[in-house]
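Here the structure is laid out as structure tokens; the discussion comes afterwards.
The values are calculated or read from the model by the stated rules, or taken from the named source; none is laboratory data. All of these numbers come straight from a predicted model, not from anything done at the bench. Here the Cβ positions follow ideal geometry from the backbone for every residue, glycine too, while neighbour counts run over all protein chains shown. Side chains included, ligands, DNA and RNA excluded: accessible areas come from the protein's heavy atoms. Shrake-Rupley method; radii C 1.70, N 1.55, O 1.52, S 1.80 Å.
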Amino acid sequence: RDQRTLAALSLLSRSDSFAEVAAPDQSVEETPRPAYSRMQASKLTLPGEQLDAGKPSPEQLLNVEISSLQFNQRLIDLAEDPAVPLLARIRFLAIFSSNIDEFFMVQVGSLKRSLAEGDVEPGVDGMGVHDLFDAVAIRLRYLSDRLRKCFEQSCLPQLREEGIRILRWSQTSPQDREYLKRYYEEQIFPLLTPHAITRAPGHPFPHIANLGLSLALMVRDADSGRLRFGTLALPPGASRFIRLEERLDFVPLEDVIRENLSGIYPGRSVEAAHCFRVTRAGDLELDEAHADDLLEAVEEEVKRRPFAGVVRLELERSMPRALRDLLQRELRLVSSSRGGGPGAAGIFEVDGMMDLTGLLEIAAIERPDLDYPSFEGVPAIDPDRDIFDALRERDILVHHPYDSFEHSTQRLLETAAVDSAVESIRITLYRAGGRSPVAAALIQAAQEGKRVDVFVELKARFDEERNVDWVRQLEAAGVHVVYGLVRLKTHAKTALIVRREGNAIRRYVHVGTGNYNATTARLYTDLGLLSADPDLGADLNDLFNELTGASSAPQTDFRQLLVAPNAMLHRFQSLIQREIEHAKAGKQARIRVKLNGLAYAKVVRDLYRASQAGVDIDLIIRGICTLRPGVPGLSDRIRVVAHAGRFLEHARIYNFANGGQEEYYIGSADWRPRNLRRRVEVVAPVTDEDSCRRLDRILQTELADETAWELGADGSYTRRTMQHGNPPSSAQDRFVAWTRDEQKWS
């Protein structure tokens, strides 16, 4: 146990260190390639012929879970950055808190399940489950400490300076308390239901909702003097903060409830009331192969999720030992029934306010002077021009949110829904969102008598219930809905519109990197290709025929599309090998890739081989990256850059120099095992010259970003702005400025 803890501390110290990275050149056209490494080359270098034989050795790979936490650390970096607007910093704290909740539900839940089932074999990076669990636990506590310090010591004082106060009950005036009592009695008290914790047979231990904030109570009877225990859940639909009349003063809901418990327990005295919060494992345990109906199976499994095993218990540090022991004991009993067993819950003590995801309410305050300047994307296509005419003329690449989703992709589908010449619409939906104009257009198209086929992925994590609702609504409108392939998720972002034009049939397509979700299209950076290219149309026609006409992975030999899980990996490996051959022949050889994640060992091996052969490789990786860049003799020519900012980076771009005949691709797939082996993904070539120039501009700008982070060989990230004192300018800032100046892309 002590050795595991020391190993975890060693990993933590390496992850928190900063590599020495040269400051980037200020121009977009020229981006230097810094050489850096503080790792011992003898530990990491492997001869090329050994790389050819199989996967990289464990020491050549970074850990997936730790890399995921590194992404979240970048959110804390932004929250701590005084150059970021104050309300945006508050928003980053809330997003970080939400991301960590999900990390516990998914990654920590998976680790605990592996431990419970005895599956403790080391991963491809060589870390055993016990060591990894300890390393993750230490890292999480470190990040939690940074979160609290940033909120309480930096953001709260600055909010006060701007006239925005988050007050605890003890800081309110008598007049404020009268107002809060009235608010409580009118708006909160009717929603509260106390639950006793007792061994009486009529009172089982109350169910504690996932991620809900609750109070653990010690209540003493006035007559008998007997001490009783109970819980009280905060109303899930209530605001997290109560605003004090016309001021920008806010009081946490739990404080108001805690100070007004006498009405809930008349004739008794409440001796203790302390907040706690439970996090449960989030992955579904779905037996797809034996399900009679996938829709019903997903519905049933989603109903079980609220009762999954407990993976974390947050509680106030001041909670009495008796309450703490009671909760821990009872929640262990609950969690033992499903995924975890005794001891499954990690205890996290909290000083101050609990559950900072509620800070989104504070971040939404109308103070434009404290937030990013307002921004609206511009139309990529002349609104007065027929969109089908425009696409017959040339392909159009859209870059959201700088190009308006509403006036491009959404417009195409809404136009097709009412166009009398359109015969059919086919589309894949992964996360359509709540109120979806795209889904509304599909329903309207069906009502107009068009053939509409929709592939809804029911297994989109944490959107299962919403997607089930969309299946019901679409089917009720006459849409033909397919909702799953066994053991595969359909993550592709594709749409196909078939239109009769005179005596001919023409296909119009969209292949994108993001979901057909109008809300996230304003918050995520994504790319989409709108085209009337006959080969792309024929490929998508074949793809949808397989999705609706078969129950297995697509088998077609596609003309232009790269489709996972059967062909995409091999094609990418071939493209990397081609760059190796160009480098050996003295031709131009370069790979530039922008992804959400890189964690496929075979691809990492091929990139190492390419670097050894002389290929320059620039990787822009938002999240997980298991490749170690800058290792002498192994990855000298590889640079990894990461971004975090106002918008969530979500686009995927693949660029291969090809001896001077540049090739570009965009699509839905990352280079991770789940994308290349366990999902239906689609990547499309981009051949239009203007679109290729735009993709090049995006890559150059992001590689030169003055605020980006660079990954070192030891797994640590260094932010470039820490290396020089010039006012930072991010790639997103430049894209926003160019959009405002140009109103369209040249």
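Solvent-accessible area of the stretch 337-448 (1.4 angstrom probe, protein heavy atoms only): carbon and sulfur portion equals 45 percent. Given in Å, the Rg to one decimal and the Dmax to the nearest whole number for the Cα atoms of the stretch 455-550 are 14.8, 46. Carbon and sulfur atoms: what percent of the 1.4 Å accessible area of the stretch 630-746 do they account for? Carbon with sulfur: 44 percent of the solvent-accessible area. Residues whose amide H comes within less than 5 Å of that of Leu213, counting only those at least five positions distant or on another chain, are Leu234 (H built at 1.01 Å from N in the peptide plane).
With K and R counted +1 and D and E -1, the other residues having a Cβ less than 15 Å from that of Arg220 yield a net charge of 0. Positive-end ranking of Pro194, Gln447, Leu561 along the dipole of the chain, with charges on Cβ about the Cα centre, is headed by Pro194.
Normalising the average separation of contacting C-alpha pairs (under 8 angstrom, six or more residues apart) by the number of residues puts the relative contact order of the chain at 15 percent. Computing FRET efficiency as 1/(1 + (r/R0)^6) for Asp535 and Arg329, where r is the C-beta to C-beta distance and R0 is 51 Å, gives about 0.20. Put a plus charge on the Cβ of each Lys and Arg, a minus charge on the Cβ of each Asp and Glu, and nothing anywhere else: the dipole of the chain about its Cα centre is then about 1700 debye. Based on the Cβ-Cβ distance of Glu465 and Glu349, what FRET efficiency does E = 1/(1 + (r/R0)^6) give at R0 = 25 Å, to the nearest 0.05? The pair Glu465/Glu349 has a calculated efficiency of 0.15.
Converting phi to 3J(HN,Hα) with the Karplus coefficients 6.51, -1.76 and 1.60 and the offset θ = phi - 60°, the stretch 632-643 yields x, x, 10, 9, 4, 9, 9, 10, 10, 10, 10, 10 Hz in sequence order, with x at every glycine or proline. Loop-located GluC sites (Glu not before Pro) in the stretch 214-260 (DSSP state not H, G, I, E or B) with no more than 12 neighbouring Cβ atoms inside 10 Å: Glu245, Glu246. Net length available on complete extension from Ile365 to Thr193 is 58.9 nm, with 0.36 nm assigned per residue and the Cα-Cα distance removed.
The ratio of the alpha-carbon radius of gyration of the stretch 162-239 to the globular-protein estimate 2.2 N^0.38 Å is 1.41. Length gained on full extension, Ser552 to Ser374, computed as 0.36 nm times the residue gap minus the Cα-Cα distance: 59.5 nm. Length gained on full extension, Arg451 to Asn99: 122.8 nm, using 0.36 nm per residue less the C-alpha separation. For Leu523 and Ser224, the FRET efficiency from 1/(1 + (r/R0)^6), where r spans their Cβ atoms and R0 equals 45 Å, is about 0.20.
Calculated on the alpha-carbon coordinates, the convex hull of the stretch 97-212 measures out at 197 cubic angstrom per residue. The 3J(HN,Hα) values that the Karplus relation (6.51, -1.76, 1.60; θ = phi - 60°) gives for the stretch 591-602 are, in residue order, 10, 10, 9, 10, 9, 7, x, 10, 8, 8, 4, 5 Hz. Gly and Pro appear as x. For Val686, the residues 5 or more places off, or on other chains, whose built amide H falls under 5 Å of its own are Tyr664, Tyr665, Ile666. The alpha carbons of the stretch 566-671 occupy a box of 42, 30, 26 Å along the principal axes, longest dimension given first. The residues of the chain present an accessible area of 41 Å² per residue when probed at 1.4 Å with all protein chains retained. Derived scalar couplings between HN and Hα for the stretch 443-453 equal 5, 5, 4, 5, 5, 7, x, 7, 7, 10, 10 Hz in order, rounded to whole Hz, by the Karplus curve 6.51 cos²θ - 1.76 cosθ + 1.60 (θ = phi - 60°), x for Gly and Pro.
Nearest 10 degrees is fine. How inclined is helix 409-418 to the longest principal axis of the chain, computing both from alpha carbons? Orientation of helix 409-418: about 80 degrees from the principal axis. By DSSP, the beta bridges lying fully in the chain are antiparallel in about 70 percent of cases. Quick one: helix 464-476 against the long Cα principal axis of the chain, what's the angle to the nearest 10°, folded into 0 to 90? Compared with the principal axis, the helix lies near 60 degrees. Amide H contacts of Arg394: none lie under 5 Å away among residues 5 or more positions distant or on a separate chain (H built 1.01 Å from N in the peptide plane; Pro and chain starts excluded). Angle, helix 689-703 long axis vs. longest principal axis of the chain, Cα atoms, 0 to 90°, nearest 10? Helix 689-703 sits roughly 50 degrees off the main axis of the chain. Calculated mean residue ellipticity at 222 nm for the chain: -10500 deg cm²/dmol, from DSSP H runs with n ≥ 4 weighted as -39500 (n - 2.57), summed, divided by the residue count and rounded to 500.
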